[in-house]
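Values quoted throughout were computed directly from the atomic coordinates according to the rules given, and no laboratory measurement underlies them. Keep in mind that this is a model prediction, so the values were computed, not measured. Note that each Cβ is placed from the backbone with ideal geometry, even for glycine, and that neighbours are counted across all protein chains shown.
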């Protein structure tokens, strides 16, 4: 386990951004600043990079060849001699410039931003729909789906592949992600996949800069989950699960049978009822963490509240002041 605390944060920062154009030429740049946003609740990871447009009043014309929509991008960050890692890999989605280049990037799900043919499924399941999407994008993509909820009806109309995947995620609450190296589209039950088997340790006494956490126990907690939607006949349906007097959480699932709505309600209830910390911690760039990782959080002043948590989201920032991460804690995995 690598721990950096305030006494050891004297390592030299490393940052390298590699932009590759359509013919394989590469440009290496160092940004003014960047933000990488990753979350199990978002379909795609994103990055925003700010780069100078001028150097010594000279327009960087070479950059215009590389900073274009669809060009590949790698962001590499870390500390020299400690840990240097590819933090983001994907494509340039949008470019804006005034006094600086503002580059909006998206991970490998960018390839699904392609229009697909209209089609109506009646009935269908999640895996069947996902396979159709992949057949339109790249027939070689394999669909890995362990959360195969059924639809009464599903219509694809004037949509991109990404639009369809967003709809599936919205309806089912599944984790949807694309692994470009394996050429696999994954649709998994929420919290069922952990990219790392290693547990990363954090403590405010050693390697946490700021703590924005509240500990919540649940013996008296009350939660009600409400799933709303319309069936194939257009009639409104509503399923309630939990305590009627509890805090209410509402979700929408259209054109799906009652069994699928009931499954979603139970999953959301279990999420909401887990005891433990709620909130985020601010750390440095090591240890490396991304959504889906397991972290062990322990405050020496409150040892009885220590436990393992699944990471919901991570925001990584780099600039003149160095690199920082904000880690949002998800459900507690141990008590």
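What the table below lists for this structure:
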item	result
Over region 142-246, relative contact order from alpha-carbon pairs under 8 Å, at least 6 apart, %	21
Computed [θ] at 222 nm, helices only, for the chain once each DSSP H run of length n ≥ 4 contributes -39500 (n - 2.57)	-4000 deg cm²/dmol
Separation between Cα centres of region 307-323 and region 213-232, rounded to whole Å	27
FRET E, pair residue 315, residue 125, Förster distance 25 Å, beta-carbon r, rounded to 0.05	0.15
Cα gyration tensor category, rounded, prolate or oblate, for region 198-316 with a/c compared to 1.5	prolate
Euclidean distance of C-alpha centroids, region 150-194 and region 60-120, integer Å	22
Relative contact order for region 13-108, counting Cα pairs under 8 Å that sit 6 or more residues apart, in percent	31
Among 70, 161, 234: highest mean-square fluctuation, GNM of the chain, C-alpha pairs under 10 Å	234
Label-point gap, in nm, between residue 158 and residue 32 - each point 7 angstrom along Cα→Cβ	3.9
Extension gain, residue 271 back to residue 305 (0.36 nm per residue minus Cα-Cα distance, nm)	10.4 nm
Gap separating the Cα centres of region 31-53 and region 273-296, nearest whole Å	19
Overall Cα dimensions of region 219-273, principal axis frame, Å, largest first	41, 17, 12
Three-way shape call for region 111-186 based on the alpha-carbon gyration tensor, with the a/c threshold at 1.5	oblate
Contour excess over end-to-end distance, with Cα ends at residue 181 and residue 12 and 0.36 nm allotted per residue	57.8 nm
For the chain: rounded, prolate or oblate by the Cα gyration tensor [a/c cutoff 1.5]	oblate
Label zone at residue 23, where the point sits 7 Å out along the Cα-to-Cβ direction: region 61-97 residues whose backbone N lies under 18 Å	61-72
Label-point gap, in nm, between residue 198 and residue 282 - each point 7 angstrom along Cα→Cβ	2.6
Percentage relative contact order, the chain, counting C-alpha pairs under 8 Å, at least six apart	17
